[in-house]
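What follows is one structure encoded as structure tokens, with my remarks underneath.
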Amino acid sequence: MRSLVLEDFGRLTLHHEEEPHPPAGCVAVAVAYSGICGTDIHGYTGSNGRRRSGQVMGHEASGVVLSTAADVVGVSIGDRVVINPLVGCGACGACLRGQAQQCPDQSVIGVTPSSPGAYADVVIVPAGNLVALPAALSLRLAALVEPLAVAVHAIELGRPQRGEVVAVLGGGPIGQSVVLALSVLEPQARVLISEPNADRRRLCTDLGALPFDPGSTGAGAPTDLVIDAVGHPATYAAALSTTRRGSRTVVIGLHSQQVTIDAFALTTGERSLHGSYCYTPTDLRRAVDVLTTRPQQAATLVSTVVSPEESAATFDWLASPAPPAGKVLICFTDTNEPVAAHR
Ligand SMILES: [Zn+2]
Ligand SMILES: [Zn+2]
């Protein structure tokens, strides 16, 4: 099988190796599409320190079950699935509450260096980490389930109410996913988008968001909820200065590890600041529903589809100052939709 190995920062190479066989409790998934995540790009350049040389990345994958270990029940060869890359220990309080994203012993397939990811023809996944797909959802759009689930989780934590003003900070693929998910989960919210890149901003306004510049005077009514898909000192500041008292801010973005905030705006304004990381299995199923409900809108989130052979050059493009507005998918196999058809 082919696998894309991060040989060193800035260097991805296509390897040919033996197909892995699933150990007890696991299944082998023939990867159809693998999305390229912002964290993979920062891992590729080495800027986030969250990837290691020699690893196979890829955690946003759709595919078809290829084989199962003898002890696996309830999964059949040929099942169309997406993978939940977040693997909890299964025994701690967080895992028992269904919140594996809070497990202190979690690993993430394609992120944790010892867990080979889905930039390969085949990925090994615990059977409990498969999410079944409805026939109506294409494998291509299903590669968006993981980033959509990140958005759904943040929205669940922010609890937007009918009629509220929700500001989304950052219109990259995660911000775009938040705008799309809000249109289904809270269609009565008034959604604003703050994004300096015109192509990304247009993608979000086409999904129903209104452009918003938190730096301008008269930015409009104070917002009730901020979803920060950037995590930069400036977006933390915007979240605390453009919201009403009693507002909520949910931060997904990982731009900066250390920030200074206006603590008095937080305390005397009774504002709350909530971190959001990954998703629960329920969020993944909701993401499947969002994509199945809005396939045309979801399709606008995919900028291009490339082959594994084109991936190294694609990472350089994504790390450049002029990346595409939306998501890039790597197509490993799709019998229904040849790669050429997407060009
Ligand atoms: Zn991701
Ligand atoms: Zn655990």
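Compute the length gained on full extension between Ala136 and Asp71: take 0.36 nm times their separation in residues and subtract their Cα-Cα distance, giving the result in nm to one decimal.
20.4 nm
Divide, for region 42-98, the radius of gyration over alpha carbons by 2.2 N^0.38 Å, where N is the residue count.
1.54
Among the trypsin sites (Lys or Arg not before Pro) within region 159-215, which fall in a DSSP loop and have no more than 14 other Cβ atoms within 10 Å of their own Cβ?
Sites meeting the loop and neighbour criteria: Arg162.
State whether region 231-272 is rounded, prolate or oblate according to the following rule on the C-alpha gyration tensor (a ≥ b ≥ c being the square roots of its eigenvalues): a/c under 1.5 gives rounded; otherwise a/b larger than b/c gives prolate, and the remaining case gives oblate.
prolate
Set the Förster radius R0 to 45 Å, insert the Cβ-Cβ distance between Asp213 and Arg50 as r into 1/(1 + (r/R0)^6), and round the FRET efficiency to 0.05.
0.90
So how far apart, in nm, are the two label points at Ala313 and His21 if each is 7 Å from Cα heading toward Cβ?
Placing both labels 7 Å along Cα→Cβ, they lie 3.9 nm apart.
Over the chain, what relative contact order in percent results from Cα pairs under 8 Å that are six or more residues apart?
Rounded, it is 18 percent for the chain.
Val29: net charge of surrounding residues, Cβ under 12 Å, Lys/Arg +1, Asp/Glu -1, itself excluded?
Net charge in that neighbourhood comes out at -2.
Please name whichever of Leu148, Gly158, Tyr236 sits farthest to the positive end of the charge dipole of region 147-289, dipole taken about the Cα centre and charges placed at Cβ: Lys and Arg +1, Asp and Glu -1.
It is Gly158, whose Cα lies furthest towards the positive end.
Would you mind working out the magnitude of the charge dipole of region 148-275 relative to its Cα centre, with +1 at each Lys and Arg C-beta and -1 at each Asp and Glu C-beta, to the nearest 20 Debye?
140
Counting only DSSP beta bridges with both residues in region 148-275, tell me the antiparallel percent, nearest 5.
Antiparallel bridges make up about 0 percent of those DSSP assigns within region 148-275.
Over the alpha carbons of region 246-343, what is the largest minus smallest coordinate on each principal axis, giving the biggest first in Å?
57, 34, 21
Please list, by residue number, every one of the trypsin sites (Lys or Arg not before Pro) in region 1-109 that is coil in DSSP and has at most 11 other beta-carbon atoms within 10 Å.
Arg97
Quick one: P(r) of region 174-326 from all Cα-Cα pairs, 5 Å bins, percents rounded to integers, in order of increasing distance.
2, 8, 15, 18, 20, 17, 11, 5, 2, 1, 0
Can you tell me the dipole magnitude for the chain around its Cα centre, using point charges on the Cβ only (Lys, Arg +1; Asp, Glu -1), in Debye to the nearest 20?
The calculated dipole for the chain is roughly 900 debye.
Which percent, nearest 5, of DSSP beta bridges in the chain are antiparallel?
Among the beta bridges of the chain, antiparallel pairing accounts for roughly 55 percent.
Top mean-square fluctuation among Gly46, Gly74, Gly35, Gaussian network model of the chain, C-alpha springs under 10 Å?
The residue with the greatest mean-square fluctuation here is Gly74.
With a Förster radius of 22 Å, plug the Cβ-Cβ distance of Thr333 and Asp289 into 1/(1 + (r/R0)^6) and report the FRET value to the nearest 0.05.
E between Thr333 and Asp289, to the nearest 0.05, is 0.30.
Evaluate the relative contact order of region 9-149 (contact order divided by residue number), counting alpha-carbon pairs under 8 angstrom at least 6 apart; express in whole percent.
So the answer I get is 31 percent.
For region 148-275, what's the relative contact order in percent, using C-alpha pairs closer than 8 Å and at least 6 residues apart?
Over region 148-275, the number comes to 24 percent.
Please give, to one decimal in nm, the separation of the simple spin-label points placed at Thr268 and Ala234, each 7 Å out from Cα toward the Cβ.
2.7
Pull out the extension gain between Arg202 and Leu96, defined as 0.36 nm times the separation in residues minus the alpha carbon to alpha carbon distance; nm, one decimal.
34.0 nm
What's the magnitude of the charge dipole for region 1-49 around its Cα centre, counting Lys and Arg as +1 and Asp and Glu as -1 at the beta-carbon? Answer in Debye, nearest 20.
With Lys and Arg at +1 and Asp and Glu at -1, about 140 debye.
Rounded if a/c is under 1.5, else prolate if a/b is larger than b/c, else oblate: which is region 95-215, with a ≥ b ≥ c the root eigenvalues of its Cα gyration tensor?
The shape class here is prolate.
Can you tell me the convex hull volume per residue for the chain, based on C-alpha atoms, in Å³ to the nearest whole number?
134
Since every read-out is calculated from the coordinates, none of them should be taken as a lab result. What you see is a predicted model, and the numbers here were worked out from it, not measured in a lab. Cβ coordinates were reconstructed from backbone atoms using ideal geometry, including for glycine residues, and neighbour counts include every protein chain displayed.
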